[in-house]
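Have a look at the structure below, then the notes.
Taken together, the values in this text are just the output of simple stated rules run on the coordinates, not laboratory data. The structure displayed is predicted, hence computed values, not measured ones. Glycine gets a Cβ as well: all are built from the backbone with ideal geometry, and neighbour counts include every protein chain shown.
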Amino acid sequence: MIKVGIVGASGYTGLELVKMLLNHPGFELSYLATTTGNTTIEALHPSLVDVVTLPVEEADAVRVAESCELVFLALPHKASMGFARKLMEYGTKIVDLSADYRLELETYEKYYCEHEDTEHLDEAAYGLIEYYRDEIKQASLVAGPGCYPTATLLGILPFIPYIDTSAPLFVDAKSGVSGAGKKLSETTHFVTVNDNIFAYNALKHRHEPEIAEKIEKMYGAKMNVNFVPHLIPATRGELVSVYATLKQDIDPLEILKKHYADDRFIRIREKPVDIKSTAGTHFCDIYAASSGNALFVNSAIDNLLRGASSQALVAANLMCGYDEGMGIPTIAYVP
Ligand SMILES: NC(=O)c1ccc[n+]([C@@H]2O[C@H](COP(=O)([O-])OP(=O)(O)OC[C@H]3O[C@@H](n4cnc5c(N)ncnc54)[C@H](OP(=O)(O)O)[C@@H]3O)[C@@H](O)[C@H]2O)c1
């Protein structure tokens, strides 16, 4: 058993990691931490009472290094790089769920803040599993992709060779409220969200440059990505609709089936996808259709799992030489 830890165990993605790691046949959960610690995991998450009892410490890089071979940083950006920078010196493997190691330095500093660990930025593998498996297997530091970029990129990347990359790409995305983390704000207040749907950060969300940067890195195409997220009255789940301009006639479903033939956690659907069929799982469901030169690509994921914690766990599996599906959830919360 390989000893692993979670820093940020009181948060939403931290809890998803705890739940999967408790049943993981190759990892032993040996360190849990939050900002202040001095508690237990079942005190933080009452759903775990009589299931498990584990101490939660005040986060400390030396204790992480002493206790684990690999750690998940389920922290806000900036806090993550503070830990990662120290942990890299101890040789602890890291899967970071924040934005700190996802982007090129210039893009990161434009959209987030000054980077405090430029030394290790280039060493990070981007954790979009289907496209970076080989890099992840060799990496000591993996940057978990953003939830919206995960759903968007998995949907649109197979079509980049067939679309007019000089035409704008329009991404309409919808997310459940857990995407914003556990901290309450006016936007995520029950009264604001219930029976409601609205766009936020239209054309200026931080995930827009992440999507554009990865398309450019993978295909050399500098695309004009127009990204508009919406909040929906659901706890978890993300639905993305991408609109692009085709430069040739294609059979979209055939392209998807061929592209992902060896990827067991991508399901190509014959009709538009929905969030509930992927909730509680690592699956990304994708559907696509075309009419004339218009292409519609539709993808759905669970933002807390494929968009964060299960994608991080698959990365950890690969970094430790395990099968990528080890301990990964596949049964959806349906009905
Ligand atoms: N939610 C999603 O769907 C999603 C998807 C993809 C990526 N992400 C990313 O994953 C990360 C975690 O997201 P989340 O939704 O789980 O957030 P969250 O619910 O707000 O949890 C954040 C956690 O970080 C802890 N924390 C903050 N600063 C800390 C510090 N200096 N030392 C130790 N612990 C600290 C908090 O602990 P305290 O309780 O002590 O404050 C809390 O447990 C974020 O970077 C987020 O952008 C989230």
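I need the calculated FRET efficiency for the pair residue 201 and residue 253, taking r as the beta carbon distance and R₀ as 30 Å, to the nearest 0.05.
Once the sixth-power term is evaluated, E becomes 0.40.
Debye sum, Cα scatterers, segment 90-230, no solvent: what log₁₀ I/I(0) at q = 0.12 1/Å?
-0.55
Please compute the alpha carbon radius of gyration of segment 148-303, then divide it by the globular-protein estimate 2.2 N^0.38 Å. Two decimals is fine.
1.04
Apply the Karplus curve 6.51 cos²θ - 1.76 cosθ + 1.60, θ = phi - 60°, to the phi angles in segment 39-46 and return the couplings in whole Hz, x for Gly and Pro.
So the J values, rounded to whole Hz, are 8, 10, 5, 6, 6, 6, 10, x.
Give the Kirkwood hydrodynamic radius (Å, one decimal) of segment 1-106, defined as one over the mean of 1/r across all pairs of different Cα atoms.
13.8
Roughly how tilted is helix 207-219, in degrees to the nearest 10 and between 0 and 90, from the longest Cα axis of the chain?
70
Under the Karplus relation 6.51 cos²θ - 1.76 cosθ + 1.60, θ = phi - 60°, what is the ordered set of whole-Hz ³J(HN,Hα) values for segment 319-329, x standing for Gly and Pro?
Per residue, the Karplus-derived 3J(HN,Hα) values read 5, 9, x, 8, 4, 5, x, 5, x, 9, x Hz.
What number, in nm² with one decimal, is the all-direction average of the projected area of the convex hull of the alpha-carbon atoms of segment 214-335?
9.0
Let me understand the chain better: what is its radius of gyration from the alpha carbons, and its Dmax, in angstrom?
19.3, 61
Given R₀ = 25 Å, FRET efficiency for residue 39-residue 79 by Cβ-Cβ distance, to 0.05?
0.85
Given 214/257; 19/137; 174/204; 217/257; 137/276; 110/222, which pairs have Cα atoms separated by over 20 Å?
Beyond 20 Å: 214/257; 19/137; 217/257; 137/276.
Starting from the amide H of residue 6, placed 1.01 Å from N in the peptide plane, find each other amide H under 5 Å away whose residue is 5 or more places distant or on another chain.
Under 5 Å from the amide H of residue 6: 31, 32, 33, 72.
By per-residue mean of other Cβ atoms within 10 Å, what is the highest-first order of 296-306, 121-131?
296-306, 121-131
If one computes P(r) from the Cα atoms of segment 258-309, what percent of pairs lie at distances over 13 Å?
Here the long-distance tail beyond 13 Å is 59 percent of all Cα pairs in segment 258-309.
Per the helix-only calculation at 222 nm, which mean residue ellipticity applies to the chain, given -39500 (n - 2.57) for every DSSP H run of n ≥ 4 and division by its residues, nearest 500 deg cm²/dmol?
-8000 deg cm²/dmol
By how many nm would the segment from residue 271 to residue 326 grow when fully extended, if each residue of separation counts as 0.36 nm and the alpha-carbon distance is taken off? Please report the intermediate quantities before stating the final value.
Values: separation 55, 0.36 × 55 = 19.80 nm, distance 2.91 nm.
Here the segment from residue 271 to residue 326 would lengthen by 16.9 nm.
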